[in-house]
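The values are calculated or read from the model by the stated rules, or taken from the named source; none is laboratory data. Remember, it's a predicted structure, so these values are computed and weren't measured experimentally. We place every Cβ from the backbone using ideal geometry, glycine too, and count neighbours over all the protein chains shown. Ligands, DNA and RNA are excluded from the accessible area calculation, which covers all protein heavy atoms including side chains. Shrake-Rupley method; radii C 1.70, N 1.55, O 1.52, S 1.80 Å.
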Amino acid sequence: MALPRLAGAQTAARRLAGVFPIGFTPVNAQNQVDYDGLAAQVQFCRRGGVHGLAWPQIASGWTTLTEDERMHGAETLVSAARGGATAIVIGVQSRTADFSETERYARHAEKLGADAVICIAPPGVTAASQMLPFYQRLGKVTSLPLFAQTGGDFSIDLIVEMFDTIPTFRYVKDEAGEPLERVTEIRGRTNNQLQCFSGKGVTTMITEMERGFVGHCPFVSLADLYASAYDSYHAGKLRDAFDQFGRIEAASSMFPQSDVDVLIARRVFRPGTTTRVAPPAPGADTQRRKTMSPEEISRHLDIYLKPYLRA
């Protein structure tokens with residue numbers, strides 16, 4: 001029997017909306033997680049008026065992290081965000097589909113005071129008949145708002161059934177199929193109560209906002225510019241938002257936002273910092289786009305974007 005739809009399932013929590021970049025996992029020359037670098041990303045987001053940050057997810061190289069690294073990382077992020085307006089969403093998926101591990105991450109996030117948890121479907125679990133009970137079980141672990149990250153064949157029917165039966169499930173980061181084509185149906189079938197976030201690099205942000213996405217998950221690198229575009233759009237300054245997003249797209253044609261050197265150039269990470277990267281999927285294109293040095297990136301930021309950078 002479906003549970004009633006609750007417009008304010010997280011009564012004590014704030015509504016989550018805006019730009020929520022996926023945090024990098026910075027590491028030093030010994031491949032040790034740089035927790036100061038993790039905290040620096042939160043501080044960068046706070047300075048730039050960025051609405052939230054999620055970690056660890058795909059762009060964080062989450063499959064390379066140990067449980068201790070994830071626990072310590074979550075503590076670092078929540079502590080760095082305390083007292084500010086930047087919300088923290090903690091990833092709780094297990095790379096071995098071990099629900100007890102997922103449960104530990106979720107309970108830890110709640111104890112720390114995170115604003116929400118997000119979970120990618122367990123590896124090897126693709127059928128709706130398996131995913132539905134998994135997310136229903138996860139939704140009972142804590143009272144935190146639950147994001148589901150979709151992908152592959154994650155159907156709208158499954159999303160709606162999850163919404164109907166999991167009171168804490170009020171956010172979805174939709175990366176299955178063509179999200180721009182799915183969002184209208186998702187919103188309609190959930191009475192506009194399921195809040196849709198975008199991913200896939202947020203390369204269609206203006207159209208996403210026009211169609212009703214309430215949140216966007218780019219890389220951290222230019223998150224303050226994304227936040228500025230979001231704020232302008234939702235203040236009714238549509239052309240300003242369009243122009244700001246155009247600047248993001250122009251910058252992305254010069255250097256990839258996925259490159260850690262952008263945050264080195266912006267003095268968020270120490271020189272020499274690298275990041276944890278998940279192993280490529282079988283058959284994936286492993287060629288990397290040639291990029292610029294941090295010094296070159298810094299010069300281009302100064303020339304083209306300096307008046308618009310908020311962090």
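Would you please put 135-146, 18-29 in order of how densely packed they are, using the mean number of other Cβ atoms within 10 angstrom per residue and starting with the highest?
Ranking the peptides 135-146, 18-29 by packing returns 18-29, 135-146.
Computed over the alpha-carbon atoms, segment 13-81 gives an Rg to Rh ratio of 0.97, Rh here being the Kirkwood radius from the mean inverse distance. Near ARG276, the amide H atoms lying under 5 Å from its own belong to THR25, VAL27; only residues 5 or more places off or on other chains count, and H is placed 1.01 Å from N.
Comparing ALA59, TYR35, TYR135 along the charge dipole axis of the chain, the residue lying farthest to the positive side is TYR35, per the Cβ-charge model.
Charge dipole (Cα centre; +1 on Lys/Arg Cβ, -1 on Asp/Glu Cβ; no other charges) of the chain amounts to roughly 660 debye. Here each label is just a point 7 Å from Cα along the line to Cβ, and for THR126 and ILE58 those points are 1.5 nm apart. Restricting the calculation to Cα atoms, segment 176-252 yields a radius of gyration followed by a Dmax of 12.5, 37 Å. Computed in the context of the full set of protein chains, the accessible area of the chain at 1.4 Å probe radius has 50% of its extent on carbon or sulfur. The modelled label-to-label distance for the pair THR291/THR203, using points 7 Å beyond Cα in the direction of Cβ, is 1.6 nm. Other residues whose C-beta falls under 11 angstrom from the C-beta of SER221 contribute a net charge of -2, scoring Lys and Arg +1 and Asp and Glu -1.
Taking amide hydrogens as placed 1.01 Å from N in the peptide plane, the amide H of ILE120 sits under 5 Å from those of VAL92, GLN93, GLN149, each at least 5 positions away in sequence or on another chain.
One equal scatterer on each Cα of segment 132-264, no solvent, Debye formula: the resulting log10 I(q)/I(0) at q = 0.13, 0.16, 0.17 Å⁻¹ is -0.60, -0.85, -0.93. Database remark: amide H of GLY18 closer than 5 angstrom to the amide H of GLY215, HIS216 (H placed geometrically; neighbours at sequence offset of 5 or more, or on other chains; Pro and chain starts carry no H).
If you look at the Cα atoms of the chain, you get an Rg and a Dmax of 18.6, 59 Å. Accessible area per residue for segment 179-233, computed on protein heavy atoms with a 1.4 Å probe, is 32 Å². Net charge in the neighbourhood of THR204 (other residues with Cβ under 11 Å of its Cβ; Lys, Arg +1, Asp, Glu -1) is -2.
The length gained on full extension between GLN32 and GLN193, counted as 0.36 nm times the residue separation minus their Cα-Cα distance, comes to 53.9 nm.
Here segment 177-280 is assigned +1 on the Cβ of each Lys and Arg and -1 on the Cβ of each Asp and Glu. Its dipole about the Cα centre then comes out at about 260 debye.
Taking 25 Å as R0, compute the FRET efficiency from the Cβ-Cβ separation of LYS111 and THR165 and round it to 0.05. So, using R0 = 25 Å, E works out to roughly 0.45.
Within the listed set GLY91, GLY151, GLY52, the Gaussian network model of the chain (springs between alpha-carbon atoms below 10 Å) gives the highest mean-square fluctuation for GLY151.
Modelled label positions at SER100 and SER143, each set 7 Å beyond Cα in the direction of Cβ, lie 2.7 nm from each other. Each residue of segment 151-167 is assigned a 3J(HN,Hα), and the resulting list reads x, x, 9, 5, 7, 5, 4, 5, 4, 5, 5, 4, 4, 6, 10, 10, x Hz, derived from the Karplus form 6.51 cos²θ - 1.76 cosθ + 1.60 (θ = phi - 60°), x at Gly and Pro. Taking trypsin sites (Lys or Arg not before Pro) across segment 91-136, the ones in a DSSP loop with at most 16 further Cβ atoms lying within 10 angstrom of their Cβ are ARG95. Using a probe of 1.4 Å on the protein chains alone, the accessible area found for HIS234 is around 100 Å². Give the average over all directions of the projected area of the C-alpha convex hull of segment 108-149, one decimal, in nm². If I average the Cα hull's projected area over directions, I get 3.0 nm².
Computed about its Cα centre, the charge dipole of segment 117-221 is approximately 360 debye, with only Lys, Arg, Asp and Glu carrying charge at their Cβ.
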